[in-house]
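Notes follow the structure.
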Amino acid sequence: MSFSRTLRILGVVGAFLVASAMAGAVAHAASSRTAASPRATVPTAPAAPTARMAPLTAVAIGDSIMDGHGLTEAQSWPSVLADEQGWDLTDLASDGTGYVQVGAEDDTFQAQAEKAVSLDPDIVIVAGSSNDLGEDTAAVQKAESTLVRTISTKLPNARIVAVNTFWGDTAPPAQLADFDAVVEQAVSGSSGTYLDVGQPLAGRPDLMQSDDVHPTAEGQRLLAASIGDRLPDDLKAAPRAD
């Protein structure tokens with residue numbers, strides 16, 4: 001082999017060795033950078049807290065039908081209705097009470113209304129009472145107007161929900177319609193809600209207790225359902241942010 005050819009071969013081998021060394025150095029440097037600088041992770045934002053929801057608060061003003069006479073308080077139609085709608089209810093109703101008739105707890109609907117004011121509820125439910133039958137119609141109507149005015153003035157953010165006076169399984173006395181007419185007018189004038197659900201217990205002696213005055217538990221559920229079906233949508237199971 002000639003001397004010049006030998007030199008060329010040595011030159012090629014040398015260049016190959018240099019290139020291999022350089023490639024190894026580059027790979028080593030890249031490996032070092034990777035080990036020294038791990039891939040950064042994107043932090044995950046914490047989940048937004050779930051807002052706690054509070055139920056609407058309601059107060060019931062009424063008589064023995066509304067306090068579940070002969071039954072447990074939980075079986076009264078205001079309690080059944082509140083359960084269905086998710087309201088937090090305080091039932092102030094008491095036996096024998098009316099707009100002017102003083103009841104067993106020495107109160108009237110007006111006295112119950114004053115208690116309701118102190119509770120600052122979202123909803124005030126009131127229904128007429130047959131306990132006022134035989135009283136002077138004008139006096140009862142004046143008491144009705146006073147009660148609605150008290151609630152609308154002292155609880156301007158509360159919704160009044162007034163219901164017609166319930167009777168039993170027979171035809172109701174005409175005087176009850178006179179009472180209801182004034183309540184409807186007063187409540188409508190205060191931006192409240194008046195619900196005339198008729199007489200759901202009419203012709204249903206099977207839904208009356210033995211005194212033929214107070215509904216059975218099933219009768220109470222029927223009253224609650226009759227009212228619940230006619231509630232405005234914004235009061236139906238409508239929790240608010242606390």
With 5 Å bins from 0: P(r) over the range 104-242, alpha-carbon pairs, percent: 2, 9, 18, 20, 21, 17, 9, 3, 1, 0
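Could you give the dipole magnitude of the range 112-242 about its Cα centre, charging the beta-carbon of Lys and Arg +1 and that of Asp and Glu -1, in debye to the nearest 20?
Working: 10 positive and 20 negative charges, 86 e Å.
Approximately 420 debye in magnitude.
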For Asp212, net neighbour charge (Lys/Arg +1, Asp/Glu -1) across residues whose Cβ lies under 14 Å away: -2
For the range 54-147, with +1 on Lys and Arg beta carbons and -1 on Asp and Glu, the positive-most of Ser64, Ile125, Ala138 along the dipole: Ala138
Amide hydrogen neighbours beyond the local backbone of Arg159, cut-off 5 Å, H modeled: Ile123, Val124
Protection proxy ranking, peptides 158-168, 65-75, 129-139, average beta carbon neighbours within 10 Å, highest first: 158-168, 65-75, 129-139
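A short reminder: the numbers here are calculations on the coordinates, not readings from a lab. In this text, all values refer to a predicted model and were calculated from it rather than measured experimentally. Cβ: placed from backbone, ideal geometry, glycine included. Neighbour counts: every protein chain shown.
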